[in-house]
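Q: Can you keep this structure in mind? I'll have questions shortly.
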Amino acid sequence: MLNLIKEKFDIIIIGAGLSGLILADEISKKTEKSILIIEKKKKIGYEKNWCFWNKPQNIFTNKYDTSWESIKVKIDKEEIIFKENNIKYLHLKSSTFYKYMAERLERKKKIKILKGKEINKIKKYPEKNELIIGKFKYECKFLFDSRPSLIKKTNGLFQHFVGYEVTFYKNILNNKQVTFMDFQSFSDGINFMYILPFSSKKALFESTYFSKRTFSRLKYKNNITKYLNDNFPNVRYKINFKEEGTLPMFNHNVKQQFNYFPIGIPGNWLKSSTGYSFQNCFLYSKLITKNIIDNKKIKIKNNFLLIFLDEVFCNLIMKSSKDLKIFFLYFFKKNNLMSIVRFLNGNINFFDLLRIILTLPKKKIFISAFDVIKKRVLYNEST
């Protein structure tokens, strides 16, 4: 039998992505725990873009790449413009995030980062966790796992997108305003264009869907090309960068076992109805760190009402997406930006939530809510 080289850590984090690095940073700031971070990729650079609001604040609130104070939503020919004092929409390149976090973490003596490593085996015991990587065996008390492969395939709803970063050959963009949603179709799920202007010449155009099925890359490409031709006719441009992604719009039942915990998307850190997770990574990392310091069982309490409303919204999309035009129109037209931001982030208070619900088409919400409750009852009866 092969003699494995053993190394022990207090904490092991699988995945040097958004949730893994933020959790490692938070724990290392407030404890003396030894941490091992394991990343499958050898190199991580500019592969995606994250956006978040400046409230609540986090360590990137003043370290972003781009910011905007004006937000536009377009439904048919109607434009809704938001601009409120002290509310900004911030953009962060993944390369900026990784560079900054690497500088913070690599100078800490109790953190070790392994890149380009595949995990051969994981063993979970009540008193410890073991990971086998080649000839090494790593042991820890707490194991946090952010691997997307933990999520089981399902016929649920997904947010999926392809984005092209485009540079025009002349100044043509309003770089003071984000196009948050320019709705294109409500027939096959929901399709909208999401536009982040980085300058008067350069922007990210992202064709985004909320639907049960994804499409070939050609469909997203054709959507973006048509949008550019329709809105910027006879203007030459070049494509600098492409990004794509698929985000689940449902909660997952990745099993927490002993001191093994799913984090990030497998841990339901992403708000299912909106796809936002950036702020939640900071919030949940603080909660986990506090549990570790207080020597309490690690448990993240999710807001049941918000989860239920997410399910109601996603059920509406799956059952009757064509009816959602009025839903989005009322949502954006009858609510202020601060309430919308809180809802999108998932940190909304009860009164703001009630105010939003009262602005929406009540019959559709009631029917969808009843459908969700019925599904939950049937699921519980069958398990």
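The values are calculated or read from the model by the stated rules, or taken from the named source; none is laboratory data. All figures in this text were calculated on a predicted structure; none of them were measured in a lab. Here the Cβ is made from the backbone with ideal geometry for all residues, glycine too, and neighbour counts use every protein chain on show.
Q: Can you tell me how many residues in the stretch 351-383 are hydrophobic (A, V, I, L, M, F, W, C) and either at pLDDT below 85 or touching a Pro at 6+ places or on another chain (Cβ under 9 Å) (or both)?
A: Of the residues in that region, 2 qualify.
Q: Within the stretch 306-356, work out how many residues are farther than 17 Å from residue 250 by Cα and among the hydrophobic types (A, V, I, L, M, F, W, C).
A: 17
Q: Moving on. Out of curiosity, is residue 46 touching a His at 6+ places or on another chain (Cβ under 9 Å) and not in a strand (DSSP E or B)?
A: no
Q: For the stretch 323-330, does any single residue satisfy the condition of being assigned to a loop (DSSP other than H, G, I, E, B), more than 24 Å from residue 376 (Cα to Cα) and not assigned by TED's automatic domain parsing to the domain that holds residue 263?
A: No: the stretch 323-330 contains no residue that is assigned to a loop (DSSP other than H, G, I, E, B), more than 24 Å from residue 376 (Cα to Cα) and not assigned by TED's automatic domain parsing to the domain that holds residue 263.
Q: Kindly indicate whether residue 341 is over 26 Å from residue 155 (Cβ atoms), crowded, with 17+ Cβ neighbours inside 10 Å and either free of Cβ contacts under 8 Å to residues at least 40 places away in the same chain or within 25 Å of the chain's Cα centre (by Cα) (or both).
A: Working: over 26 Å from residue 155 (Cβ atoms): yes; crowded, with 17+ Cβ neighbours inside 10 Å: yes; either free of Cβ contacts under 8 Å to residues at least 40 places away in the same chain or within 25 Å of the chain's Cα centre (by Cα) (or both): yes.
Answer is yes for this residue.
Q: Can I ask one more? Please state which one of 290, 333, 271 is closer than 30 Å to residue 29 by Cα and either among the aliphatic types (A, V, I, L, M) or loosely packed, with under 15 Cβ neighbours inside 10 Å (or both).
A: On the way: 333 fails: closer than 30 Å to residue 29 by Cα; 271 fails: either among the aliphatic types (A, V, I, L, M) or loosely packed, with under 15 Cβ neighbours inside 10 Å (or both).
None of the other options fit; the residue is 290.
Q: Under the condition of being aromatic (Phe, Trp, Tyr) and either buried (at least 16 other Cβ atoms within 10 Å of the Cβ) or in contact with a Leu (Cβ under 7 Å, 6 or more places away or on another chain) (or both), which residue from the stretch 1-59 is nearest to residue 88 (Cα to Cα)? Full working, then the answer.
A: Initially, the stretch 1-59 is screened for residues aromatic (Phe, Trp, Tyr), giving 9, 46, 50, 52-53.
Filter once more, so that each one left must be either buried (at least 16 other Cβ atoms within 10 Å of the Cβ) or in contact with a Leu (Cβ under 7 Å, 6 or more places away or on another chain) (or both): 9, 50, 52-53.
Numbers: 9: 40, 50: 14, 52: 9, 53: 6 Å.
Per the criteria, the residue is 53.
Q: Please list, ordered by first then second residue, the pairs with beta carbon atoms under 6 Å, 6 or more apart or interchain, first in the stretch 310-324 and farther than 20 Å from residue 268 by Cα, second surrounded by 21 or more Cβ atoms within 10 Å (Cβ to Cβ) and modelled with pLDDT under 80.
A: Final answer for the pair search is none.
Q: Assigned to a helix (DSSP H, G or I) and more than 30 Å from residue 15 (Cβ to Cβ), is that true of residue 357?
A: Details: assigned to a helix (DSSP H, G or I): yes; more than 30 Å from residue 15 (Cβ to Cβ): yes.
Judged against the criteria, residue 357 is a match.
Q: Look at the stretch 141-153 and say how many of its residues are surrounded by fewer than 20 Cβ atoms within 10 Å (Cβ to Cβ) and either at pLDDT below 95 or under 30 Å from residue 196 (Cβ atoms) (or both).
A: Looking only at that region, the number is 7.
Rundown of residues vs (1) at pLDDT below 95; (2) surrounded by 14 or more Cβ atoms within 10 Å (Cβ to Cβ); (3) more than 18 Å from residue 92 (Cα to Cα), yes/no style:
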site: 155; (1), (2), (3): yes, no, yes
site: 163; (1), (2), (3): no, yes, no
site: 187; (1), (2), (3): yes, no, yes
site: 214; (1), (2), (3): yes, yes, yes
site: 248; (1), (2), (3): yes, yes, yes
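Q: For the stretch 254-268, name all the residues that are part of a loop (DSSP other than H, G, I, E, B) and either touching a residue at least 60 places away in the same chain (Cβ under 8 Å) or crowded, with 20+ Cβ neighbours inside 10 Å (or both). If you could, list the steps in order and put the result at the bottom.
A: If we filter the stretch 254-268 for residues that are part of a loop (DSSP other than H, G, I, E, B), which is where we start, we get 254-256, 258-259, 263-268.
Matches in the stretch 254-268: 254, 258, 259, 263, 264, 265, 266, 267, 268.
Q: Out of the residues in the stretch 96-113 that are within 18 Å of residue 61 (Cβ to Cβ) and of a type in the set (Lys, Arg), which is surrounded by the most Cβ atoms within 10 Å (Cβ to Cβ)?
A: Within the stretch 96-113, the match that is surrounded by the most Cβ atoms within 10 Å (Cβ to Cβ) is 104.
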